[in-house]
1. Tally time: how many residues in region A:41-84 are over 14 Å from A:PHE265 (Cα atoms), among the aliphatic types (A, V, I, L, M) and surrounded by fewer than 19 Cβ atoms within 10 Å (Cβ to Cβ)?
2. Of everything in region A:227-248 that's in a loop (DSSP other than H, G, I, E, B) and aromatic (Phe, Trp, Tyr), which residue is farthest from the other protein chains (Cβ to nearest Cβ)?
3. Can you find even one residue in region B:287-302 that is over 19 Å from B:GLU255 (Cα atoms) and of a type in the set (A, V, I, L, M)?
4. For region A:101-118, give me each residue that is open to solvent by less than 70 Å² (accessible area, probe 1.4 Å) and either aliphatic (A, V, I, L, M) or not assigned by TED's automatic domain parsing to the domain that holds A:LEU228 (or both).
5. Take the residues in region B:68-77 that are part of a strand (DSSP E or B) and not small (Gly, Ala, Ser); name whichever of them is farthest from the other protein chains (Cβ to nearest Cβ).
6. Scan region A:284-297 for residues that are open to solvent by 40 Å² or more (accessible area, probe 1.4 Å) and assigned to a helix (DSSP H, G or I) and jot them down.
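The values are calculated or read from the model by the stated rules, or taken from the named source; none is laboratory data. The model shown is predicted, which means the values in this text are computed figures rather than measured ones. Cβ atoms come from the backbone with ideal geometry, glycine included; neighbour counts cover every protein chain shown. Side chains are part of the model used for accessible areas, which takes the heavy atoms of the whole protein and leaves out ligands, DNA and RNA. Shrake-Rupley method; radii C 1.70, N 1.55, O 1.52, S 1.80 Å.
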Amino acid sequence: MATIGQLATRPLKAERNGDKSPASILFLVALWVALSFAVLTLVVLLVTSFMDALPRLDGELFTNYSSQVSPETAGARAAIIGSLWVIVATAVMAIPLGIAAAIYLEEFANPLRWYNRMIEVNLQNLAAVPAIVYGMLTAGLALTIGLRRGVVLAGAIALALLILPVIIITTREALRSVPAEIRQGSLALGATPLQTVWRQTLPSAIPGIATGTILALSRALGEAAPLLLLGGLVFIRYDPNGLFSGFTTLPIQIFNWAGQPQVEFQEVAAAAIIALLGLLLLMNGLAIVIRNRYQRRW
Amino acid sequence: MTTSTLRRRSAPAAAVLTLALALSACGGSDDDGGGGGGGDALSGEVLVDGSSTVQPLTAAAGEYFAEEEPGVNVSVGTSGTGGGFEVFCQGETDISNASRPIKDEEIALCEENGIEFTELQVATDALTVVVSADNDFVDCLTTEELATLWGPAAEGTVTTWDQVNPEFPAEEIELYGPGTDSGTFDYFTDEINGEEGVSRTDYNASEDDNVIVQGVSGSANAIGYFGYTYYEENSDALKAVEIDSGEGCVAPSAETAQDGTYTPLSRPLFIYVSDTAASEKPEVKAFVDFYATNDDRIAEAAQYIPLNDEQRSALESAAESIG
């Protein structure tokens, strides 16, 4: 914690050469207050959720289905399996498409062409569009192509659209950080542009691409709004088992449980929150490991 | 840069891919879904969507039904009453949960798509006006007083309790209520303010009724309203206000809602069954029959108020005539 603080304040101090004027000290204090308020809120939230969850953090959470008749035995089995299905389907759709789009834009597209500039501007805008809009878009799409709403594939399409701009932007960033000398060297040795991208640029950019992609998938994993709009189910007692199977996901299940009047549901909601949190930490941890393991400084 | 370092770099990509395959294999291994069983055991899926208020009822019905017909998957969504009818009338779902009767334009949509349906009342809910258990001055409110309190004219002007009734103290009122997307809000405004959706807007609105519970129980001067179950679950911290609609004060309870004396805030909860689905899919028909004959314990499990004798026989005969 202290090191983060020191890192954060160092540039301020360095720039003004140890500026101790009242204004800058006041600003520093304001920053610290803002930081501690945010951290404190997070800690309180985590601790209260964990306390609520404690009696329900057991095997039943992972093996039982949701139960209306006996809420004290309700579990998140269908939601966990549903989340995995949706997230894997999302990854399969979004990752190849996103990386390919980024390679085109970064390595091949002529930035002077109007259509490439238009794509670029739209990408930045799409990354800021609220998640629910992608849900509505997918609902419309599903209706047009005759796909039933509320199936894994529809949910995955919505989430893939949601994270596509993020994957493209982070992948482009990663490609851009590969030095031009690598490409020039490859081309000078007689490789074609395609070979250069495939054998030199892309492998060198993988740590950045993997980090950005995993963080994007984490975001998709935590989304409820677009899936609720798409008719994601809240009560199923079977394992989602295919792209055209109905599904529920952890965030949907948590949202539904938390709104129920029975205390037992609120406890199992807290337990599911902890499970989701664990899953997200695991994914983010994986992103950090990949980055540290394969990162290369040029 | 040798080829071996390049190969090593693509390892994370391979790792991610392997993980993805492993995960999908995990899901795939649960393929059979328990479809086995005896000779005439039913299988298939019953799709239900609609009101989140009715969802616990249909979920409980599905759970009990699974004990008899383990091969049938009943799944329930909560797109809201209106959202539920939209997909129901396009033939995407078999049954639609509703906390209000179907509207004319929704009937028109169903007709357009050739969907015929049957309306079944499956339980009763008593919208409950609550104050904190610490509140010692409000026991009963007339519907006029409620309208004074919640009407659009009250916005910004009715702020203290003595403005509602001179016998009440001149304390500031804290108002809590459901948000405008809620069927509870629609029903309450229709009955109390005379027009659906018309209400003062300067109150603490939440789509999560548990937030209203916390708000009202936290202050002796607060008042709010929601479904009866939320009061039942929190009756130690809350006091249910009796309602006087001209024939004396009546407290919300299973009895008063059943015999119709708790007016105007007791409301019917419905399911709408697609006749087409019921005749084409035997599992839908079987589920509806089961729902109708086991309605009492279903309502009990979902903590709603069961039907009275007259409503129950109406439900059973209506369910029988389907399909």
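1. Final tally of qualifying residues: 7.
2. Step by step, filter region A:227-248, then rank; the result is A:PHE244.
3. Scanning region B:287-302, I find at least one residue that is over 19 Å from B:GLU255 (Cα atoms) and of a type in the set (A, V, I, L, M), so the answer is yes.
4. Here is the first cut: in region A:101-118, the residues open to solvent by less than 70 Å² (accessible area, probe 1.4 Å) are A:101-103, A:105-107, A:109-110, A:116.
Of everything in region A:101-118, those that are open to solvent by less than 70 Å² (accessible area, probe 1.4 Å) and either aliphatic (A, V, I, L, M) or not assigned by TED's automatic domain parsing to the domain that holds A:LEU228 (or both) turn out to be A:ALA101, A:ALA102, A:ILE103, A:LEU105, A:ALA109.
5. B:VAL72
6. A:ASN284, A:LEU286, A:ILE288, A:VAL289, A:ARG291, A:ASN292, A:ARG293
To keep it simple, each residue is scored yes or no on (1) outside the structural domain of B:GLU145 (by TED's automatic domain parsing); (2) touching a residue at least 24 places away in the same chain (Cβ under 8 Å); (3) open to solvent by 50 Å² or more (accessible area, probe 1.4 Å).
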{"position": "B:GLN214", "(1), (2), (3)": "no, no, yes"}
{"position": "B:ILE223", "(1), (2), (3)": "no, yes, no"}
{"position": "B:TYR230", "(1), (2), (3)": "no, yes, no"}
{"position": "B:ASN234", "(1), (2), (3)": "no, no, no"}
{"position": "B:LEU238", "(1), (2), (3)": "no, yes, no"}
{"position": "B:VAL241", "(1), (2), (3)": "no, yes, no"}
{"position": "B:GLU247", "(1), (2), (3)": "no, no, yes"}
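Yes/no per residue for (1) more than 12 Å from chain A (Cβ to nearest Cβ); (2) crowded, with 24+ Cβ neighbours inside 10 Å; (3) hydrophobic (A, V, I, L, M, F, W, C); (4) in contact (Cβ under 8 Å) with a residue 60 or more places away in the chain:
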site	(1), (2), (3), (4)
B:LEU42	yes, no, yes, yes
B:PRO56	no, yes, no, yes
B:ALA66	no, no, yes, no
B:SER79	no, yes, no, no
B:ASN97	no, yes, no, yes
B:ASP104	yes, no, no, no
B:THR118	yes, no, no, yes
